[in-house]
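Engineer: Right, I'll just put the structure down here and ask away after.
The values are calculated or read from the model by the stated rules, or taken from the named source; none is laboratory data. Since the model is a prediction, treat every value here as computed from it, not as a measurement. All Cβ positions, glycine included, derive from the backbone under ideal geometry; neighbour counts span all protein chains shown. Surface accessibility is based on the protein's heavy atoms, side chains included, excluding ligands, DNA and RNA. Shrake-Rupley method; radii C 1.70, N 1.55, O 1.52, S 1.80 Å.
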Amino acid sequence: MKQYVFKRILSTIPLLLIISFVCFVFINLIPSNPAEVALRVRQVPIITEEAIAEVEAELGLNRPFLVRYVSWLFDCLKGDFGISYVNPSRTVAGELARCLPATLQLAGASLVLVILLSIPIGFLCAVYKDGIFDQVMRALVFITTAMPPYWVGLLLMWFISIKLDLLPTSGGGSFAHLILPAFTVSLSYISTYIRLIRNNMLENMKQDYVLYANVRGLPQKVILVKHILKNSMHTCIVAIGMSIPQLISGTIVVENVFAWPGLGTLCISSIFNRDYPIIQAYVLLIGVLFVVFNLLFDLLQTVSDPRLRKEGA
Amino acid sequence: MAQRFWKNKTAVGTVFFVVLIALLGILAPWIAPNDPYAADILHKYESMSAQFPLGTDHLGRCLLSRLLYGIRPTLGLAILTMLGTIGLGALMGLLAGYFRGWVEEIIMRVVDVMLSFPSQVMVFAVVALLGVSVQNVVLANVFIKWAWYARMIRTGVMQYRDKNFIQFSRCIGTPEWFILARHLLPSIAADLAVLASLDVGWAIINISTLSFLGLGVQAPTPEWGAMLNEAKNVLTSNPSQMVIPGVAIVALVSVFNLMGDALRDVLDPKEVVE
Amino acid sequence: MTPVLAVNHLSVTLQSGKNTKQLVKDSSFSVYPGECLGILGESGSGKSMTVKSMLGLLDRHFSATGEAFFCGKDLLKEKKETLRSLRGKDITMVLQNPMTCFDPLYRIGNQMAETFATHTNWSQKEIREESLAILDRMQIQNPKVALEKYPHQLSGGMLQRIMIGLAVALKPKLLIADEPTTAIDAITQKEILEAFLEIKNAHQTAMIFITHDLGAIAKVADRLLVMNQGEIVDEGTFSHILHHAQDRYTKLLIEKRQAVMARYQQVLGGMV
């Protein structure tokens, strides 16, 4: 068991290296010379060859490719992602740190909504399969998967904030600001997981162990909750866990709709400003989160399933 | 197969609907009542009338005409993206599944790396890298999605490649390319058709999202996402502006999703309950 | 003598979409106290369907008509809740795939305990004692360790014996064994059959033994029903059926069996 965990952790290292390499290559693929971009962004009036060479030396761009990669990687490990092109007085790490809490808050709230809504609804849909509730929910699920999140955001903003004047339209800072963006982010995940839990439960209902539980005369409640729900939750919790990084990256669009001061807003404004170091660090961050959460929930699944848990070791 | 298709009302209905929408888009210059770019500030925010069947927007442009012209970028780019994704994905998947060995090894490692990035972020990264433009949006969407298809198609090919008729074909000395084109491709065509229709729905949402954020199709062009971007600015004063393009997107995406499910029923004989 | 179970004109139909299919046609039979009734037939002949329909174990796509009197109650007309309280206590069942019949996420002890907790008001301690006693009776080594095991850690034979132990623990009036020997290997099959014989001799429990294995049924059943395509085609004692089979299908079944046995003895004889 310990050996497996160790192996699994080790196996992520090459992947992390590849991801970091791709991120590094990314910034080197920019059509224009980064030094030139930096100069232009700093609004240096006349860009001379010397000025470019100076900035290249300053940014360490004149060294060989692999040397630059390794030094960049070590800088990243130390938490130094370089300096913003747009605003040289700010570090990329500082910018990310400024925006990260808001995004985590939004993603966390969305995750709570996903779990609180999708599991009970999926459960009820499976229990009352083809009943009115199930049919209504299935129609809603179908419609929500076809709705672009930004449009949902606009509709909610208009209806809840403008028409009913219940919640603030945009911005961040308070709990009231959080509700609409969090719901918008979670909506598409909720519909995905309602479907997943419903199908998983229906699949489990066909299993022999359910027949045998019925044969032993166990009450329906026990069979549904203790056995079927727990078996289906098992798969679903892992799936939900692995989607946490997607949830974090999924906030990009919604943050922009609601002007939520998080990483997504930072990312889009960086794209418009061509502030490549910030985009690079953002992609790297999400990539690493992706790998880490996959690892974490894969291990969690292994530990929590007695069939996968190896004996003795 | 054709018979099963005509029997399946959802399949026929959705395909008909998509063809109709595509025709409306192609014929937009002849059927649109007004010029989609003709601004007329005096007639802004008009409600439905004979001259403007769906009313006008904040610049007094005819909404119906913009909607009809908007089919071209919205549906056209999505279909282009789908063709690109499926093309690249199928090619890679076929190569990996069929040849095995180091070809497969390399392709699948690349696929693994591609899949370890969240697609949402990759789109933005690619658009950031290549610059904001329509081609780049299509490229970005193809780039992030092909790996999914490569993996699915490879699995499909692996299942078929050991089937007897393929083995037989190889035994009697049929050239490899012939086996690939003649036997494997039709075998996985069913999977591809289903994927393709689901993928168009996904691409419509994704491309319109980029346009909405200002990273895709740019402002005066009547793309549905871009129309919503313009509608966003007048959300407080004229909320009804966002209804029509939004409903259009939801309807079109729903139809593609329905079509995917229906095609699965049509193409997969095992699923059919007589 | 009044039968434990008397089934009259039982029919089961499956409704899927617009199609209906009759799976069990107009079947009547009785089981008397202390008797073991064997139901013989190939897969899909409606053997399991017959008993499952009486116990309310089929989903709503199936519908059953007729009568099935158990201790004066018509099972087909009873409420779900009544049937549930009968199941696992007065009517128990042993199923065919022991490896998949237990919930993989819970320990064996937990799953035994939940059965007792449902049907009795025993304390935790009594439940544990009884569970250990069952495992001991079913000759499972280290019962205390076995209780703490997950289903995948035990063999099919052990799980099958635990199932049988659970089925007799609450002194049921009727025990139904649905192909209990089909999914396990030959040596274990013999042990399992012996377990059934012992139960029959020791408890005088009425039993229904469903199988397609003529050899197994010959050992335990007092009386036989032969089912083919949802109908009871023959009925009688084993030797009666063996020698005076009425139905063409039954004859075929026996001929094949005898041919195999003859060949078997010939080969065995040759070796010895």
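Engineer: Compute the long axis of helix B:185-212 from its Cα atoms, compare it with the longest principal axis of the Cα atoms of chain B, and write down the angle in degrees, 0 to 90, nearest 10.
Structural biologist: 30
Engineer: I've got another one for you. Mind listing the long-range amide H neighbours of C:M93? Cut-off is under 5 Å, sequence gap 5 or more, other chains count too, H placed in the peptide plane at 1.01 Å from N.
Structural biologist: Those qualifying (amide H under 5 Å, at least 5 residues apart or on another chain) are C:G88, C:I176.
Engineer: I would also like to ask the following. Give me the percent relative contact order of region C:98-171, please, defined on Cα pairs under 8 angstrom at least 6 residues apart.
Structural biologist: It comes to 44 percent, rounded to a whole number.
Engineer: Ranked from highest to lowest mean number of other Cβ atoms within 10 Å per residue, what is the order of the peptides C:4-13, B:221-230?
Structural biologist: B:221-230, C:4-13
Engineer: If you don't mind, there's one more thing I want to ask. Rounded to the nearest percent, how much of the accessible area of chain A (1.4 Å probe, protein heavy atoms only) is carbon and sulfur?
Structural biologist: In chain A, the share of accessible area belonging to carbon and sulfur is 67 percent.
Engineer: Still on this model: Using modelled amide H (1.01 Å from N, peptide plane; none on Pro or chain starts), what sits under 5 Å from the amide H of C:L23, excluding residues fewer than 5 places away?
Structural biologist: Here the answer is C:V12, C:T13, C:L14, since their amide H atoms fall under 5 Å of that of C:L23.
Engineer: Now a separate question. Quick one: how many lysine pairs in region A:100-266 have C-alpha atoms under 25 angstrom apart, if they're 8 or more apart or on different chains?
Structural biologist: 8
Engineer: Continuing with the same structure: Choose one of C:T188, C:T120, C:Q22: the residue whose Cα lies farthest towards the positive end of the charge dipole of chain C (beta-carbon charges +1 Lys, Arg; -1 Asp, Glu; about the Cα centre).
Structural biologist: Value: C:Q22.
Engineer: What residue among A:P219, A:P120, A:P168 has the largest mean-square fluctuation in a Gaussian network model of chain A, using Cα springs under 10 Å?
Structural biologist: A:P219
Engineer: Given the protein chains as shown and a 1.4 Å probe, how many square angstrom of C:S123 are accessible, to the nearest 10?
Structural biologist: Near enough 50 Å² of accessible area.
Engineer: Return one number: the angle in degrees, 0 to 90 and rounded to the nearest 10, between the long axis of the Cα atoms of helix A:263-273 and the longest principal axis of the Cα atoms of chain A.
Structural biologist: 40
Engineer: Out of A:L140, A:L285, A:L16, any idea which swings most in a Gaussian network model of chain A, alpha carbons joined below 10 Å?
Structural biologist: Greatest mean-square fluctuation among the candidates belongs to A:L140.
Engineer: Residues with beta-carbon under 14 Å from that of A:C267, excluding A:C267: net charge, scoring Lys, Arg +1 and Asp, Glu -1?
Structural biologist: Its environment carries a net charge of -1.
Engineer: At 1.4 Å probe size, with no ligands or nucleic acids counted, give the accessible surface of A:F175 in Å², nearest ten.
Structural biologist: We get 150 Å² for A:F175.
Engineer: Under a 1.4 angstrom probe, counting protein chains only, how are B:L20, B:L64, C:L55 ranked by accessible area, largest first?
Structural biologist: B:L20, B:L64, C:L55
Engineer: Can you give the net charge of the other residues whose Cβ lies under 11 Å from the Cβ of A:C236, counting K and R as +1 and D and E as -1?
Structural biologist: With Lys, Arg at +1 and Asp, Glu at -1, the neighbours total +3.
Engineer: Right, here's the next one. Ignoring ligands, DNA and RNA and using a 1.4 Å probe, state the total buried accessible area between C and A in Å², rounded to the nearest 100.
Structural biologist: Looking at C and A, the buried total is near 2400 Å².
Engineer: Rounded to the nearest 0.05, what FRET efficiency do A:D75 and A:L29 have when you use their Cβ-Cβ distance and R0 = 22 Å?
Structural biologist: According to the calculation, E is roughly 0.70.
Engineer: I'd like the residues of region C:152-166 whose 1.4 Å-probe accessible area shrinks by no less than 30 Å² going from the isolated chain to the full set of protein chains.
Structural biologist: Those residues are C:H152, C:Q153.
Engineer: At 1.4 Å probe size, with every protein chain present, just tell me what the per residue accessible area of the protein assembly as shown comes to in Å².
Structural biologist: Computed with neighbouring chains in place, this is 47 Å² per residue.
Engineer: Under a straight-distance cross-link criterion of Cα-Cα below 25 Å, which lysines are reachable from C:K190, leaving out those fewer than 8 residues away in the same chain?
Structural biologist: The reachable lysines, counting only those whose Cα sits under 25 Å from C:K190, are C:K47, C:K149, C:K171, C:K173, C:K200, C:K219, C:K256.
Engineer: Follow-up question, since we're still on this one. What residue among B:N8, B:Q120, B:M108 has its Cα farthest toward the positive end of the dipole of chain B, where the charges are +1 on Lys, Arg and -1 on Asp, Glu, each on the Cβ?
Structural biologist: Working it through, the farthest residue towards the positive pole turns out to be B:M108.
Engineer: How large is the dipole of chain A about the Cα centre if only Lys and Arg carry +1 and Asp and Glu carry -1, each at its Cβ, rounded to the nearest 20 debye?
Structural biologist: 1400
Engineer: Let me ask you something else. Rounded to two decimals, what is the ratio between the C-alpha radius of gyration of chain B and 2.2 N^0.38 Å?
Structural biologist: Computed over Cα atoms of chain B, the ratio equals 1.18.
Engineer: Identify all lysines with a Cα-Cα distance to A:K7 below 21 Å; exclude those on the same chain that are fewer than 8 residues away in sequence.
Structural biologist: Here the lysines satisfying the reach criterion relative to A:K7 are A:K310.
Engineer: According to a simple spin-label model (label point 7 Å from Cα along Cα-to-Cβ), what is the distance in nm between B:Q218 and A:L16?
Structural biologist: 4.2
Engineer: If you don't mind, another one. Kindly list the residues of region A:186-203 that lie in the label zone of C:D59, defined by a backbone N under 14 Å from the point 7 Å along the Cα-to-C-beta vector.
Structural biologist: A:198-203
Engineer: Related question: Could you sort the residues of region A:246-271 by number and keep only those whose accessible area is reduced by 20 Å² or more in the all-protein-chain setting relative to the chain alone, 1.4 Å probe?
Structural biologist: Residues shielded by partner chains are A:S249, A:I252, A:V253, A:N256, A:V257, A:I268, A:I271.
Engineer: Which whole-number percent gives the relative contact order of chain B, counting Cα pairs below 8 Å spaced six or more residues apart?
Structural biologist: Value for chain B: 23 percent.
Engineer: Any residues in region B:219-262 that have 50 Å² or more less accessible area with all protein chains than in their chain alone, probe 1.4 Å, and which are they?
Structural biologist: Output list: B:K232, B:L235, B:M242, B:V250.
Engineer: If I take R0 = 51 Å and measure r between the Cβ atoms of B:T10 and B:K163 in this structure, what FRET efficiency does the formula 1/(1 + (r/R0)^6) give, to the nearest 0.05?
Structural biologist: 0.95
Engineer: For the protein assembly as shown, what is the charge dipole size about the Cα centre, in debye to the nearest 20, if Lys and Arg each add +1 at the Cβ and Asp and Glu each add -1 at the Cβ?
Structural biologist: 1260
Engineer: First compute the accessible area of region C:67-220 with a 1.4 Å probe, then give the percent of it belonging to carbon and sulfur atoms.
Structural biologist: Answer for region C:67-220: carbon and sulfur cover 50 percent of the accessible area.
Engineer: Of the residues B:I205, B:I79, B:I172, which exhibits the maximal mean-square fluctuation in a Gaussian network model of chain B defined by a 10 Å Cα contact cut-off?
Structural biologist: B:I172
Engineer: Alpha carbon centre of region C:100-117 versus region A:269-289: separation in Å?
Structural biologist: Rounded to whole Å, the Cα centres lie 51 Å apart.
Engineer: So, one more: Work out the count of Lys pairs in chain B where the Cα-Cα distance is under 22 Å, with the pair 8 or more places apart or on different chains.
Structural biologist: Close lysine pairs found across chain B: 4.
Engineer: Sort region C:169-272 into rounded, prolate or oblate with this rule: let a ≥ b ≥ c be the square roots of the eigenvalues of the Cα gyration tensor; rounded if a/c is under 1.5, and if a/c is not under 1.5, prolate when a/b is larger than b/c, oblate otherwise.
Structural biologist: Oblate.
Engineer: Show me you know the interface measure: the accessible area buried between B and A, both chains summed, probe 1.4 Å, in Å² to the nearest 100.
Structural biologist: Looking at B and A, the buried total is near 3400 Å².
Engineer: Related question: Along the charge dipole of the protein assembly as shown, Cβ charges K/R +1 and D/E -1, which of B:W146, A:V303, C:V260 sits furthest on the positive end?
Structural biologist: Ranked along the dipole, the leading option is C:V260.
Engineer: A further question on this structure: Which ³J(HN,Hα) values, rounded to whole Hz and listed in residue order, are derived for region C:127-142 from phi using the Karplus coefficients 6.51, -1.76 and 1.60 in 6.51 cos²θ - 1.76 cosθ + 1.60 with θ = phi - 60°, glycine and proline given as x?
Structural biologist: 4, 5, 4, 5, 4, 4, 4, 4, 4, 5, 4, 8, 6, 9, 6, 6
Engineer: A further question on this structure: Would you mind classifying the protein assembly as shown by shape? Square roots of the alpha carbon gyration tensor eigenvalues, ordered a ≥ b ≥ c; an a/c under 1.5 is rounded, otherwise it is prolate if a/b is larger than b/c and oblate if not.
Structural biologist: Taking the square roots of the gyration eigenvalues as a ≥ b ≥ c, the protein assembly as shown is prolate.
Engineer: Scan around C:T120 for amide H atoms under 5 Å from its own, H built in the peptide plane at 1.01 Å from N, and keep only partners 5 or more places away or cross-chain.
Structural biologist: Counting only residues 5 or more places away or on other chains, the set is empty.
Engineer: Which whole-Hz ³J(HN,Hα) couplings does region A:108-123 yield from phi under the Karplus relation 6.51 cos²θ - 1.76 cosθ + 1.60, θ = phi - 60°, glycine and proline marked x?
Structural biologist: x, 4, 5, 4, 4, 4, 4, 5, 5, 9, 6, 5, x, 5, x, 4
Engineer: In percent, what relative contact order does chain C have, based on Cα pairs under 8 Å that are 6 or more apart in sequence?
Structural biologist: It comes to 25 percent, rounded to a whole number.
Engineer: Could you give me the ³J(HN,Hα) list for region B:234-249, computed from phi with Karplus coefficients 6.51, -1.76, 1.60 and θ = phi - 60°, whole Hz, x at Gly and Pro?
Structural biologist: With the stated coefficients, region B:234-249 comes to 10, 4, 5, 7, 9, x, 5, 4, 8, 5, 5, x, x, 4, 4, 4 Hz.
Engineer: Please work out the FRET efficiency for the pair B:Q3 and A:F272, using the Cβ-Cβ distance as r and a Förster radius of 41 Å; give the result to the nearest 0.05.
Structural biologist: With a Förster radius of 41 Å, E is 0.15.
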